[in-house]
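Written out below as structure tokens is the structure these notes cover.
The values are calculated or read from the model by the stated rules, or taken from the named source; none is laboratory data. If you're wondering where the values come from, they're calculated on a predicted model, not measured in any experiment. A quick note on method: Cβ atoms are made from the backbone with ideal geometry, for glycine too, and the neighbour counts reach across all protein chains shown.
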Amino acid sequence: MSPSADAAAPASTSGPTLAPLIAAQLNYLLSHSKLPFQVWFPSIPPLPRLTLPLPSHGVRLQVEQIWSGCRNDRYADRFTLAIPFCLDYVHWDFLYNALYPKVAPDVVFGPDDEGFQPLVDYAEAGNGDKSCLSHWNCRDPGGLLALVEELRDLYIEYQKKRVGEVDDARLAFELSTVLSKEGIEVCMVPPTDKPDEVKFAVPLLDLDYAKLVQGCPWRSPQKIHLQVIFPISRRVNTIPSAPRLKLMSTPDLKSLFSVEDVKLPPWLNGMCLAEYLPSLEENLKVQIVEASASIGSRRRFIEALGLSFGRPLEADPIFCRRATVLCISGVFTFLVHFAIPLQFPKQQPVLVLQSSQHCNVKGIPIMSPPINDYPWSPRWDPAEMVERIYDFLTDECQNFKKFCSDAITQQK
């Protein structure tokens with residue numbers, strides 16, 4: 001499992017289909033993996049035209065490329081997987097042989113991981129018989145899944161070992177005090193022009209967020225992590241500089257709570273993660289409970305829309321982040337879209353008007369720019385908030401009607 005000369009250059013993504021036995025294993029991996037996958041970094045290139053069916057609930061692993069390593073390219077037999085690790089991705093090539101699809105794949109790891117030789121480490125530890133490769137069954141669709149999970153677990157330990165070998169007293173102390181926290185991952189930051197750094201990915205708050213939201217549609221667990229990047233200091237008797245801190249969350253959680261709006265506690269001189277995490281988690285927990293309670297405020301606002309506008313045409317019934325009402329002024333009919341922020345009522349909804357009678361040259365209904373300069377006070381009750389918006393739109397709809405007419409005129 002090391003860089004192989006047999007690794008052919010990836011061909012076009014419109015090449016041959018995967019050999020059936022290989023396709024079955026890859027499809028099973030995509031469908032059944034329960035690894036703690038993260039999707040904070042959407043920088044991975046779009047999926048190529050895959051030649052196997054994808055699971056209906058979405059892809060858990062990113063398949064970057066599929067190609068053939070044989071001259072007889074009736075079947076593709078190798079692919080690159082982007083495997084989430086430490087709030088980023090590692091990219092590994094899995095090399096099967098279409099002429100011998102019953103043989104287990106070889107794996108090519110990243111260029112910065114020449115020291116990662118899991119089979120050698122297993123053999124030296126006397127655990128070779130525990131590897132899934134020791135009893136590989138090509139007709140077991142879960143073989144690739146077991147291999148990826150095994151390699152990822154070994155890679156976590158490999159990175160911990162690398163970080164533990166760094167000659168930095170502060171890092172040694174951090175490792176000894178926080179690595180016992182379940183789910184934490186550490187790694188050396190790939191070399192760049194910057195000084196050497198070590199990254200910690202620390203899971204926060206063991207909460208079932210779905211239970212905070214009635215009727216929550218989330219199928220997968222939602223997570224919040226703290227990314228901590230420590231600069232490596234090899235100088236003795238120097239004051240360690242503060243690490244770079246950043247909160248990250250799974251995308252679905254942003255419907256309830258935005259980590260970008262959280263102000264992190266300051267990192268004091270001499271502080272360590274074991275001291276920093278308790279206050280951060282307590283602060284986060286309070287804000288998440290408040291975010292859950294704010295759903296009720298947004299729901300009451302949406303319900304109040306019916307008093308002035310009539311029953312909304314559509315609304316978000318779970319997180320209460322949006323609603324649309326139909327309005328009529330004389331013969332002019334238009335829609336009003338409400339985008340309700342998480343910070344409601346401190347922040348007012350953003351309105352967008354959409355004509356039901358005017359379209360651009362592409363047949364798309366004409367819409368207004370976002371509007372948030374109408375009268376507002378977070379101290380008003382929902383009925384008064386809606387009434388003030390209604391009064392504002394009574395005049396604003398005439399400006400919007402003229403805006404639509406001018407847009408139509410310019411198209412002629």
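Any idea how many residues of segment 186-217 are in contact with a helix residue (DSSP H, G or I) (Cβ under 6 Å, 6 or more places away or on another chain) and assigned to a loop (DSSP other than H, G, I, E, B)? Qualifying residue count, segment 186-217: 2.
Identify, by number, the condition in (1) more than 14 Å from residue 202 (Cβ to Cβ); (2) at pLDDT 90 or above that residue 238 doesn't meet. Going through (1) more than 14 Å from residue 202 (Cβ to Cβ); (2) at pLDDT 90 or above one by one, residue 238 breaks only (2). Could you run through segment 74-97 and say how many residues are under 16 Å from residue 113 (Cα atoms) and not in a strand (DSSP E or B)? So the count comes out to 1. Taking the criterion of being part of a helix (DSSP H, G or I) and within 27 Å of the chain's Cα centre (by Cα), the residues of segment 130-146 that qualify are 143, 144, 145, 146.
To keep it simple, each residue is scored yes or no on (1) assigned to a helix (DSSP H, G or I); (2) within 20 Å of the chain's Cα centre (by Cα); (3) surrounded by fewer than 19 Cβ atoms within 10 Å (Cβ to Cβ); (4) among the aromatic types (Phe, Trp, Tyr).
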site: 151; (1), (2), (3), (4): yes, no, no, no
site: 161; (1), (2), (3), (4): yes, no, yes, no
site: 219; (1), (2), (3), (4): no, yes, yes, no
site: 230; (1), (2), (3), (4): no, no, no, yes
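Note on segment 333-370: residues that are in contact with a helix residue (DSSP H, G or I) (Cβ under 8 Å, 6 or more places away or on another chain) and over 24 Å from residue 317 (Cβ atoms) amount to 7.
With respect to residue 176, is the statement that it is in a helix (DSSP H, G or I), free of Cβ contacts under 8 Å to residues at least 12 places away in the same chain, in the same structural domain as residue 240 (by TED's automatic domain parsing) and out of contact with any Phe, Trp or Tyr (no Cβ under 8 Å at 6 or more places or on another chain) true?
Details: in a helix (DSSP H, G or I): yes; free of Cβ contacts under 8 Å to residues at least 12 places away in the same chain: yes; in the same structural domain as residue 240 (by TED's automatic domain parsing): yes; out of contact with any Phe, Trp or Tyr (no Cβ under 8 Å at 6 or more places or on another chain): yes.
The answer is yes for residue 176.
For beta carbons closer than 7 Å, sequence separation of 6+ or different chains, a first residue in segment 18-45 that is polar (S, T, N, Q) and a second that is part of a helix (DSSP H, G or I) and at pLDDT 85 or above, the qualifying pairs are 25/143; 25/144; 33/145.
Which pairs do you get when a residue that is among the charged types (D, E, K, R), found in segment 368-395, comes within reach of a residue that is in a loop (DSSP other than H, G, I, E, B), reach meaning Cβ atoms under 6 angstrom, with the pair 6+ apart or on two chains? Sorted first by the residue in segment 368-395, then by its partner, the pairs are 388/375.
Look at (1) under 24 Å from residue 81 (Cα atoms); (2) surrounded by fewer than 16 Cβ atoms within 10 Å (Cβ to Cβ); (3) not basic (Lys, Arg) and you find that residue 184 fails only one, number (2).
For segment 298-327, the tally of residues that are more than 24 Å from residue 209 (Cα to Cα) and of a type in the set (Asp, Glu) stands at 2. Among the numbered conditions (1) modelled with pLDDT of 50 or more; (2) surrounded by fewer than 17 Cβ atoms within 10 Å (Cβ to Cβ), the only one that residue 88 does not meet is (2).
Listed residues 363, 310; which is surrounded by fewer than 15 Cβ atoms within 10 Å (Cβ to Cβ), of a type in the set (Gly, Ala, Ser) and in contact (Cβ under 8 Å) with a residue 12 or more places away in the chain?
One residue alone meets the criteria, 310.
Looking only at residues that are among the charged types (D, E, K, R) and under 23 Å from the mean Cα position of the chain (by Cα) in segment 266-287, which one is surrounded by the fewest Cβ atoms within 10 Å (Cβ to Cβ)?
The initial filter retains those residues of segment 266-287 that are among the charged types (D, E, K, R), namely 275, 281-282, 285.
Adding the requirement that they be under 23 Å from the mean Cα position of the chain (by Cα) leaves 281, 285.
Values: 281: 17, 285: 13.
Residue satisfying both the conditions and the ranking: 285.
On the stretch given as segment 232-259, residues that are assigned to a loop (DSSP other than H, G, I, E, B) and buried (at least 17 other Cβ atoms within 10 Å of the Cβ) total 7.
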